[in-house]
Amino acid sequence: MSSSFITSEIKNLPAVPLRDMVVFPHMMAPFIVGRQSSVMALEVALGSPSKRLFLVTQRDPKIDDPQRQDIQDIGVVARVIQNLKLPNGNVKVMVEGEQRGKLGDLQEIDGALHADVEAFAISYPVNDKLQSYMSKVLNTFEQYAKMSHHLAFEGLMPTLKLDDPDRFCDMLSAHLMVPTADKQALLDLLNPYERLQRLHDLIEVEIDKVNIDKRVNIQVKKQMERAQKEYYLNEKVKAIHDELGRKDDRTDEVAELRERIESSGMPKDVREKAEQEIKRYEAMPPVSAEATVSRNYIEWLVSVPWKKKSRELRDLDKAEAILDKDHFGLDKIKQRILEFLAVRQLTRKNQTSIICFVGPPGVGKSSLAKSIARATGRKFVRLSLGGVRDEAEIRGHRRTYIGAFPGQIIQMMKKAGAVNPVFLLDEIDKMAMDFRGDPAAALLEVLDPEQNDAFADHYLDVDYDLSNVMFIATANVIHTVPPALRDRMEVIELTGYTPSEKLAIARGFLLPRQLDSHGLENKKVEFSDDALRVLIDAYTREAGVRNLEREIASVCRKLARRLVEAKKKKVKLVVKNQEDVRELLGQPRFRRRGKQKQSMIGVTTGLAWTQVGGEILETEVGLMKGKGKLTITGKLGDVMQESARAAVTYVRSRGELLGIEPDFTNEQDIHIHVPEGAIPKDGPSAGITMATALVSALTNMAVRKDLAMTGEITLRGTVLPVGGIKDKLLAAYRADITEIVIPKDNEKDLEDIPAEIRDVLTIHLVESMDEVLTFAIDGDIVPLSKGEVEKVSSETSVESGSLAH
């Protein structure tokens, strides 16, 4: 060693690795030796005259058989003072450190570790500066010893008043409560002055730790004293009330609210807000108005579900059975629900889906949502949005208003009592807006999966998680729903039922339900399929089955009266045919609109879509002498009137090829009428119908009676696609029309048509008006010859010339 104050010599000593322990020179240290190699090394040391061994700390205390790289470089040459063999074979020893040593080679001889050790003798010169620094360190350590509960201050300090800086540092290091790594770092330093600096830094850090612990303990003690004081005073108040025969309702109420907050599963920020509100509530006079507002707010916070979930039903077969039991058909919707449940079986992640059922009244949109709740095992809540025009209905009012309440979303969640219900937003297309705001805009946040995990109700004023809710919306039409809201929903269309589907629904669902509700389930009522068909065709006109159920209920009421009036007499409750139905319900309410009895000139059968399903719509064209005036009647909307003008323009541009004189508009007035005149009509789908009727009238050729059509027309005669194809084809089927003309681009919509109807109908897919006329006009259209065209042109020129004079 090159330093002038250090001398060294090489020794070979038995070595004992230490676990998580550092022995310093001049330090008495007890420990237990348990490893076989260490016990053997101890025995070698005890057998030697000097009883010395080399103690060195392991780098990792978990290693049982350490090698050279697992042991620190600097250790201590120590002398065994005492040893005691324990019954379990371990040896308890007391050693005294003598001097530092650096580990060289390590080898095992006869089961004991032997080490070549370079032992250091340190004699550091003392001067006034060093003496002053030692005093400073000692004073700092004295301060630390007074504050620490682990050191015997009075007995320790006299032993530290030393002049030798090396020994002074080692004695301080031995009594310092620091981690093993810090102690080993002190042992590694051979220079006493550097050790003093390191010791001073460590002691100051320990003093800071003790101060922090002291401050924390004082704070905890104060809190405990405050809690004990409050407890004592509360108990005293209770005792006083008991003596007076009173009951402290306010205290019990607050305690109950605190318990409900603890058990509600609120998020941390919501809980803090609730606790803060309870403290405000406690400080308020019980009879004040603000106390009532605060109490209601806390009640709402603890009443809304925060973590309680309904147990989901994930058995696909059981779910499918529930859906089939509740609804006939609707395969597309049922498949969508089963797909949702299948995904939930594969992943626990929230598969937020907002479904919107769009369809005419009575097709089962709302009842389908209830079935979905049953099939998934979730709670069901319904919110009707029809006529809602106030944004506060969705978001609630702020608490500053008198009588404020949360919005309907939070109220329905409280009613559900779980965070994952099926939430039906009924009649979402019937919302309106006024000066109080737009409720549809407020729903944007509710129905957005990226935002509804932090829905902000104005009353609660905290984030509420709606991401577990399965939202289902219903609407009769989708075009009245704002585009931004429509974009957030998966739209599934429910079209009208076919007559055979209505019959199956009436037989399997409606009739048993009405017999049961009227007390006729065990009375052997005979209700034939023919009678049900009469009810469907002659007493109802709808896409759904709501009115059909009403008519069945009406029949059941009359049968029930007949049964009661007969008393004990036997009476047959039979409804077999049209006569039986007419006897019970009177004359049929609807005339079945069928195809025309004969082909007619200027009359074409079109197909229309309404909110209650499809309808056939006749279009009539009349010609009169005049000067080309176009009259359009039938309460037609702007779009339909524009389609009529487009049809006229098309016919004028194609007059020669259609066998029509080009100047027909100069000599004739045209009247286009669409019965029934009191019913508003609009849309572009009657374009080809009006064009066909116009051509029929101008060419004096009839349109086939067994053919109906729908499609939009352009000025060049191109046929464009339209909507509502399924409902329109069902209307044609009900009217016994077997041939249909539809745009070719609507071919994709034919997949939704039931096979029983598709097999009966002959469907022509067209791209141009020429194809439509080929199928529709009963006869061949002959174009004008070149001579006829020139003659008409010359006559027109002469008339124009005479008018010029």
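Overview of values
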read-out: Residue list for region 683-706, filter: touching a Ser or Thr at 6+ places or on another chain (Cβ under 8 Å) and crowded, with 24+ Cβ neighbours inside 10 Å; value: S685, A686, G687, I688, T689, M690, T692, A693, S696, V703
read-out: Qualifying position, being out of contact with any strand residue (DSSP E or B) (no Cβ under 9 Å at 6 or more places or on another chain) and modelled with pLDDT of 85 or more, among P125, P87; value: P87
read-out: Count of region 296-334 residues which are outside any loop (DSSP other than H, G, I, E, B) and more than 30 Å from E259 (Cα to Cα); value: 15
read-out: Members of region 703-761 found to be part of a helix (DSSP H, G or I), touching a residue at least 40 places away in the same chain (Cβ under 8 Å) and in contact with a Lys or Arg (Cβ under 7 Å, 6 or more places away or on another chain), listed by number; value: D752
read-out: Any pair with Cβ under 9 angstrom, 6 or more apart, that starts in region 223-240 at a residue that is assigned to a helix (DSSP H, G or I) and of a type in the set (A, V, I, L, M, F, W, C) and ends at one that is open to solvent by 90 Å² or more (accessible area, probe 1.4 Å) and at pLDDT below 75; value: I240/R246
read-out: Wholly within region 469-559, helices (runs of 4 or more DSSP H) carrying at least 1 residues that are open to solvent by 30 Å² or more (accessible area, probe 1.4 Å) and without any contact (Cβ under 8 Å) to a residue 60 or more places away in the chain; value: 483-487, 511-517, 529-538
read-out: Any hit, region 55-62, residues being of a type in the set (S, T, Y), surrounded by fewer than 18 Cβ atoms within 10 Å (Cβ to Cβ) and within 30 Å of P165 (Cα to Cα); value: no
read-out: Residue list for region 712-756, restricted to those being at positive phi, crowded, with 17+ Cβ neighbours inside 10 Å and in contact with a Gly (Cβ under 8 Å, 6 or more places away or on another chain); value: G724
read-out: Subset of region 613-636 that is assigned to a loop (DSSP other than H, G, I, E, B) and touching a Gly at 6+ places or on another chain (Cβ under 7 Å) - its residue that is nearest to D706 (Cα to Cα); value: G634
read-out: V237 more than 28 Å from D461 (Cα to Cα), surrounded by 10 or more Cβ atoms within 10 Å (Cβ to Cβ), modelled with pLDDT of 75 or more and of a type outside the set (D, E); value: no
read-out: Where a residue in region 626-650 is at positive phi and its partner, wherever it lies, is surrounded by fewer than 15 Cβ atoms within 10 Å (Cβ to Cβ) and not in a strand (DSSP E or B), with Cβ under 7 Å and at least six apart; value: G628/N666; G634/P675; G634/G677; K635/G677; K635/A678; K635/I679; K635/P680
read-out: Residue check, F31 closer than 20 Å to A119 by Cβ and either touching a residue at least 40 places away in the same chain (Cβ under 8 Å) or buried (at least 17 other Cβ atoms within 10 Å of the Cβ) (or both); value: no
read-out: Those residues of region 277-288 which are modelled with pLDDT under 80 and open to solvent by 80 Å² or more (accessible area, probe 1.4 Å), in sequence order; value: E282, A283, P286, V287
read-out: Check on I6, modelled with pLDDT under 85, out of contact with any Pro (no Cβ under 7 Å at 6 or more places or on another chain), β-branched (V, I, T) and open to solvent by less than 60 Å² (accessible area, probe 1.4 Å); value: yes
read-out: Filter result (in a strand (DSSP E or B) and open to solvent by 90 Å² or more (accessible area, probe 1.4 Å)) within region 86-106; value: K92, K102, D105
read-out: Flag if I261 is hydrophobic (A, V, I, L, M, F, W, C), in contact with an Asp or Glu (Cβ under 8 Å, 6 or more places away or on another chain), assigned to a helix (DSSP H, G or I) and over 30 Å from M489 (Cα atoms); value: yes
read-out: Residue in region 289-331 that is nearest to the chain's Cα centre (by Cα), counting only those that are open to solvent by 30 Å² or more (accessible area, probe 1.4 Å) and more than 30 Å from K370 (Cβ to Cβ); value: N296
read-out: In region 649-678, the residues that are over 12 Å from L694 (Cβ atoms) and either part of a helix (DSSP H, G or I) or open to solvent by 60 Å² or more (accessible area, probe 1.4 Å) (or both); value: S653, E656, L657, E661, N666, E667, E676, A678
read-out: In region 560-581, residue most open to solvent (accessible area, probe 1.4 Å) [restricted to those that are among the β-branched types (V, I, T) and in contact (Cβ under 8 Å) with a residue 40 or more places away in the chain]; value: V574
read-out: Test: residue in region 68-84 that is touching a Ser or Thr at 6+ places or on another chain (Cβ under 8 Å), open to solvent by 20 Å² or more (accessible area, probe 1.4 Å) and either over 23 Å from E194 (Cα atoms) or free of Cβ contacts under 8 Å to residues at least 40 places away in the same chain (or both); value: yes
read-out: Enumeration of residues in region 378-393 that are open to solvent by less than 30 Å² (accessible area, probe 1.4 Å) and in contact (Cβ under 8 Å) with a residue 60 or more places away in the chain; value: R378, A392
read-out: Tally of residues being surrounded by 13 or more Cβ atoms within 10 Å (Cβ to Cβ), out of contact with any strand residue (DSSP E or B) (no Cβ under 9 Å at 6 or more places or on another chain) and either assigned to a helix (DSSP H, G or I) or modelled with pLDDT of 85 or more (or both) across region 265-274; value: 3
read-out: Count of residues meeting criterion [closer than 26 Å to D128 by Cβ and out of contact with any Cys (no Cβ under 8 Å at 6 or more places or on another chain)] in region 176-198; value: 8
read-out: Total residues in region 410-434, condition without any contact (Cβ under 8 Å) to a residue 60 or more places away in the chain and under 23 Å from R311 (Cβ atoms); value: 5
read-out: Filter result (open to solvent by less than 10 Å² (accessible area, probe 1.4 Å), closer than 20 Å to P482 by Cα and part of a loop (DSSP other than H, G, I, E, B)) within region 429-468; value: L447
read-out: Scan of region 396-428 for residues that are open to solvent by less than 40 Å² (accessible area, probe 1.4 Å), within 23 Å of A475 (Cβ to Cβ) and either of a type in the set (A, V, I, L, M) or not in a loop (DSSP other than H, G, I, E, B) (or both), ordered by number; value: I409, M412, M413, A416, V422, F423, L424, L425, D426, I428
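So that you can scan it fast, the table gives a plain yes or no per residue for (1) in contact with a Leu (Cβ under 6 Å, 6 or more places away or on another chain); (2) under 20 Å from L715 (Cα atoms):
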{"site": "E615", "(1), (2)": "no, no"}
{"site": "V621", "(1), (2)": "yes, yes"}
{"site": "T649", "(1), (2)": "yes, yes"}
{"site": "R652", "(1), (2)": "no, yes"}
{"site": "T665", "(1), (2)": "no, yes"}
{"site": "D669", "(1), (2)": "no, no"}
{"site": "G687", "(1), (2)": "no, yes"}
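The values are calculated or read from the model by the stated rules, or taken from the named source; none is laboratory data. On a predicted model such as this, the values are computed, not experimentally measured, just so you know. Ideal geometry is used to build each Cβ from the backbone, glycine not excepted, and the neighbour counts take in all protein chains shown. Side chains are part of the model used for accessible areas, which takes the heavy atoms of the whole protein and leaves out ligands, DNA and RNA. Shrake-Rupley method; radii C 1.70, N 1.55, O 1.52, S 1.80 Å.
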